[in-house]
Each structure stands twice: as structure tokens, then as C-alpha cells.
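One structure is given below, encoded as C-alpha cells.
What follows is calculated from the coordinates using simple rules that are stated; it is not laboratory data. The structure presented is a predicted model; accordingly, all values stated were derived computationally and were not measured. Note that each Cβ is placed from the backbone with ideal geometry, even for glycine, and that neighbours are counted across all protein chains shown.
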Amino acid sequence: MNSASTLPALSCDGRVATISLSHAAKRNALDADAIRALEERLVEARGAVDARCSDVVILRGEGAHFCAGFDLARCAEEPRRVEELLVGLSACVAHLRAIDAPVVARVQGAALAGGCALLTGCDFVVAAHDAQLGYPVHRIGISPAVSIPTLLSRMGPAARELALSNDIIDGQAAFVRGLATHAVAREMLDAEVDALVARLLAKGPLAMRETKRWMRAIEERGAGDLGPARVRDAAAMIEARDASVALGVGEEFATMLRAFWAAKSART
């Protein structure tokens, strides 16, 4: 059980709402408690935006890392527990993209698997040059399908290689490939985020809200007058989530996760 101090937290300073992943000792890896808390904080941040109390939302991780994905300790005991994590992660990404204000991710260190998935729900991703981003999940028998609709929307064709390769890329490569919108030296990360937020706050907040609403409406139309390819409509996100869940409750995941966890435990 997590203590309140290690669960995601929301703070508001003027027109900026900041959600912090707060378990630095675990590289902000997400277990069931943390994902539930993150979803609650995202709902609260959306409420602050809807009430016109906040005009920018920042998502960040405390310590040396943004988010190293799922905390798989309990899943190693009972692999089917990953279903709750995948469903919660999908909900968090949906909440991120439903916020009618710019959402800025501040990324240092690891942003892997579920941590990388969170980035795809954000509007701006400011990554340190030496950050590590990607989906190294096939080695434990699970699919990043839960993230693919929003990953495709952000990266286009480059999403295929990232999702299939298991490669971990740095912040500069993420910028070149379209996963990050900004890449800076680690020591400049806070200054870059602050400058971006200042530029966003200088714009008309109502105009920014309407822009986000219209962009989301376009994306959610899916098939029909915009063509046959569904990218980020609600049905595609649910189907992608369920594809990951189906693997997560299967024998391949259980076998490979236990082998991975045993090898990791032997090294520590």
C-alpha cells in the first residue's frame, strides 16, 4: 500500500495546474493505487480548467525519472493484475486528451512503456536530451497496443517502428521522430518548460480551449467524411486497450513476466 506522499499529487499556482508523479524511489512506476490516484488528479485538473481556474496543465515526475512504466512487483505474483493497470492507463490517457487546456509533459530520465503512453495524451512533450523513451514490453509478453491510437496520432508512420522494435530512444531522437515537441539539455529542462508555459499563458485562454475542443472533435470522428482510418476515436482506444488486456491475462505474459522478474531478483 502506498502512502499519500508517494501517490500522484495536484497543485495549482495561479493559472497553472501541476500533476506530479511522486514515488521517486520507484522511478515513479505506477501500481494500481498510483494509477487510480493519477486518474483522480487528472479529473480534478480537468475540473480546474473547466472552472477557468487553470489555463495550462503540467505533468511531471519527481526525482531523476518521469515514469518507468508499471510497477510489476504484484503482477509477478499474479499476472492477471496487469489488467487493472492497463485499463487504468487507458483511462488516464483519455483524461489527458480530454482536458481543454494545453497539457505539457516535463520528461527526464525514464519515460518507458506506460510512462511513454502518458506522453501521447499530452499536447507538448519537453524532453531532456538524455531521457529514455520507448516501449520495451515485448520481452515480457505484453503489447503496447493500448498506446497505439494516440502514438499514431502523435508520430504518424514513425510510430510503427517504435512500437515494434522495443528500442529505447533518447530525447533528441524522440524530437526528430515526433514523439517529443521540444528537446533540451537536462539542465535547461525547467527553463524550457517555464518559457513554454509563459508563451501559452500569453494566448487567449478561451481561444485555446476552443482549439483543443475542435481538434479533439476532428480526431474523434474517425471514419466517415475524414476517410477510413481511425486514429484516436473512442472506439479505437477501447479496442486497443482490450487488445493489450487480452495478452495481459494470457499464458505468454505470465510465463515471460515471471522469468523476467526472477532474473531481475537474482541480480539484486
Point-to-point label distance, Ala246-Lys203, nm (Cα→Cβ direction, 7 Å offset): 3.9 nm
Added length on full extension, which subtracts the Cα-Cα distance from 0.36 nm per residue, Ser5 to Met188: 63.2 nm
Cα centre as origin, Lys/Arg/Asp/Glu Cβ charges: the chain dipole, Debye: 200 debye
Between 0 and 90°, nearest 10: helix 32-50 axis offset from the chain longest Cα axis: 10 degrees
Cβ-Cβ FRET estimate between Glu62 and Ala195, R0 fixed at 22 Å, reported to 0.05: 0.55
Length-normalised contact order for the range 135-195 - Cα pairs under 8 Å, 6+ apart - percent: 29 percent
Globularity ratio of the chain, using Cα Rg and 2.2 N^0.38 Å: 0.96
0 to 90° range, to nearest 10: angle between helix 234-248 axis and the chain longest Cα axis: 20 degrees
Shape box of the range 147-197 [Cα atoms, principal axes, largest first, Å]: 33, 20, 16
Segment Asp33-Arg267, extension gain: residue separation times 0.36 nm, minus the distance between their alpha carbons: 81.5 nm
Bridge type composition, the range 4-267 - antiparallel percent by DSSP, nearest 5: 25 percent
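Can you give the relative contact order of the chain as a percent, counting alpha carbon pairs under 8 Å and 6+ residues apart?
18 percent
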Label-point separation in nm, Glu210 to Ile238, each point 7 Å along Cα→Cβ: 3.1 nm
Between 0 and 90°, nearest 10: helix 189-201 axis offset from the chain longest Cα axis: 40 degrees
